[in-house]
Amino acid sequence: NFVEHLDQRTGSLDGYIVMEYVGGKSLKEIANARRTGEGRRDPLPVEQACAFGIEALDALGHLHSRSLLYCDFKVDNAIQTEDQLKLIDMGAV
């Protein structure tokens, strides 16, 4: 449930982290697509909201079981791929 870490360079001023590209929509984009004509968002169906929550909690639990903390959890950093929810922007873990 995480973006794959491909490469990194640290210890210099031009350090970088390379992660896989994850196609799909962020949870923010999914929520924004549900805007009504009045500008408010219709809520997600309960089953879909619960499924997103369970996947996110499973991923966070996996990190916590390894004494890691995901410091940038937000709807922009949760991407729905074809078959799963993936957390991106792992640079602050």
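Nothing in this text is a laboratory measurement; each read-out follows from the coordinates by a stated rule. The structure presented is a predicted model; accordingly, all values stated were derived computationally and were not measured. Reconstructed Cβ throughout: ideal geometry from the backbone, glycine too, with neighbour counts over all protein chains shown.
Numbers below:
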item	result
Cα pair count fraction exceeding 16 Å, expressed as % - the chain	61 percent
Longest exposed-site-free window of the chain, the sites being chymotrypsin sites (Phe, Trp or Tyr not before Pro) in a DSSP loop that have at most 16 other C-beta atoms within 10 Å	22-72
Nearest 10 degrees, 0 to 90: helix 46-64 Cα axis against the chain principal axis	20 degrees
Residue among G24, G37, G53 with the largest mean-square fluctuation in a Gaussian network model of the chain, springs linking Cα atoms under 10 Å	G37
